[in-house]
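The values are calculated or read from the model by the stated rules, or taken from the named source; none is laboratory data. Quantities reported herein were computed from a predicted structural model and do not represent experimental measurements. In this analysis, Cβ positions are derived from the backbone assuming ideal geometry, glycine residues included, and neighbour counts consider all displayed protein chains.
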Amino acid sequence: MPHRPKLLIFTGATAAGKSAFIYRELTGLPLTIINADSRQVYSALRVSSAGPSDQEMQLFPHRLYHFMPENESFSAGAFIQRAAEEIAAAHEQGRLPVLCGGTYFYIHALLSGLLPPLKIPEQVAARVAAMPADEAYALLREIDPAAAEKIHAHNLVRLRRALAVCLTAGRPMSSIPREGAIRDKYDILMLIFDTAREQLLERVRQRVQGMFRAGLVAEVTRVFAAVKAADRLSQWRSWPALTGIGIREFFESYEVMAVEPDALDALQLETVSEAIVRNTMALVKRQRTWFRNAPDKPGHTKTVDPAYENERIAALAKDFLH
């Protein structure tokens, strides 16, 4: 088999220590860090998305961080195109690409590709939406058993989407060629960072406290002012960036109390902080489930716990890159 260039992937739940490990253990290596976090693409959300600091950005070249306006969306299709370009460019420059982030949908799409664009007719969408979950799952198993095997019967979003695609295309979804996959182009090691919930909770609390110290309220105030100037406060959820944890809680607070971010008192800020922690831990729970059950992981995939496996993780990464 011809030699394939290498791609290292660090993923896992929010606050599991992925980025911190890179900046602590892999300095001195010729790495290019490529973002795989759906919130860290936005230019105005460096603090609320827990993006890398200026000092960290200086340690390695960083790509796909903080370049999108907050009122625009960044699709998985756009991500896989840009990420594939950055991975190839890193190798052309004699550097080693490291994909880092917890948005596994992005990572899976990059590795396995996406279905070509397919418009679901309204009548098909309505038919599928009206089906009870057990009926929809039974029909999907009949039409596309391979797709049904990868979808939990209670995951209604994925279940109905898959069934709608099958009915629209007139063929099993699993038989439709995907576009943009890079899996076969690279030798891939994926490290999934995971640790105990109690430790993640403490890390999340520390992270949120650090975000407030780093200027979270000032950042949100600037974004809030932009939304207000555009006369979109009542439609703030239509700005994709604003639905992310760390910023949406301020807009939700405004809906309840009509108090702008920079006017919140200490008690109100504490309520917002608690909401950010609570919402982050709900996301962590979903992420850990995704990573346990994620389909089509690369052959070299390992789940690691930075709480006690730091030396092992470093050895795995360095041995692979060398």
Practice item. Go through (1) within 19 Å of Arg158 (Cβ to Cβ); (2) assigned to a helix (DSSP H, G or I); (3) at pLDDT below 90; (4) of a type outside the set (Gly, Ala, Ser) one by one and return the number of the condition Lys285 breaks. Key: (3)
Check your understanding: If you go through segment 120-142 one residue at a time, do you hit one that is under 25 Å from Ile80 (Cα atoms), in contact with a Ser or Thr (Cβ under 9 Å, 6 or more places away or on another chain) and in contact (Cβ under 8 Å) with a residue 40 or more places away in the chain?
Key -> yes
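Taking segment 47-97 only, how many residues are assigned to a helix (DSSP H, G or I) and among the polar types (S, T, N, Q)?
2
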Check your understanding: Right, Ala90: surrounded by 19 or more Cβ atoms within 10 Å (Cβ to Cβ) and of a type in the set (A, V, I, L, M) or not?
Key -> yes
Study note, to complete from the structure: Of the conditions (1) touching a helix residue (DSSP H, G or I) at 6+ places or on another chain (Cβ under 7 Å); (2) small (Gly, Ala, Ser); (3) over 30 Å from Ala88 (Cβ atoms), the single one that Gly180 does not satisfy is (3)
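Please find, within segment 168-193, the residue that is farthest from Ala315 (Cα to Cα) out of those that are assigned to a helix (DSSP H, G or I) and out of contact with any Pro (no Cβ under 9 Å at 6 or more places or on another chain). Working first, answer last.
Initial filter on segment 168-193 (assigned to a helix (DSSP H, G or I)): 168-169, 173-175, 183-185.
From the residues that got through so far, the ones that are out of contact with any Pro (no Cβ under 9 Å at 6 or more places or on another chain) too are 169, 173, 175, 184.
On the way: Ala169: 47, Met173: 40, Ser175: 39, Asp184: 25 Å.
Checked segment 168-193; the qualifying residue farthest from Ala315 (Cα to Cα) is Ala169.
Among Tyr186, Tyr137, which is the only one that is buried (at least 17 other Cβ atoms within 10 Å of the Cβ) and not assigned by TED's automatic domain parsing to the domain that holds Ser48? Walk me through it before giving the result.
Working: Tyr186 fails: not assigned by TED's automatic domain parsing to the domain that holds Ser48.
Result: Tyr137 is the single residue among Tyr186, Tyr137 that is buried (at least 17 other Cβ atoms within 10 Å of the Cβ) and not assigned by TED's automatic domain parsing to the domain that holds Ser48.
Can you tell me which of Thr271, Thr280 is out of contact with any strand residue (DSSP E or B) (no Cβ under 7 Å at 6 or more places or on another chain) and without any contact (Cβ under 8 Å) to a residue 40 or more places away in the chain?
Numbers: Thr280 fails: without any contact (Cβ under 8 Å) to a residue 40 or more places away in the chain.
Unique residue meeting the criteria: Thr271.
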**Study point:** Residue tally, condition in contact (Cβ under 8 Å) with a residue 12 or more places away in the chain and of a type outside the set (Val, Ile, Thr), over segment 300-322
**Key:** 12
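Going by the conditions given, is Ala44 part of a loop (DSSP other than H, G, I, E, B), among the hydrophobic types (A, V, I, L, M, F, W, C) and either in the same structural domain as Val220 (by TED's automatic domain parsing) or free of Cβ contacts under 8 Å to residues at least 24 places away in the same chain (or both)? Even if it seems obvious, please write down each step before you answer.
On the way: part of a loop (DSSP other than H, G, I, E, B): yes; among the hydrophobic types (A, V, I, L, M, F, W, C): yes; either in the same structural domain as Val220 (by TED's automatic domain parsing) or free of Cβ contacts under 8 Å to residues at least 24 places away in the same chain (or both): yes.
The answer is yes for Ala44.
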Study note, to complete from the structure: Among (1) within 30 Å of Leu321 (Cα to Cα); (2) outside the structural domain of Glu85 (by TED's automatic domain parsing), Arg158 falls short only on (1)
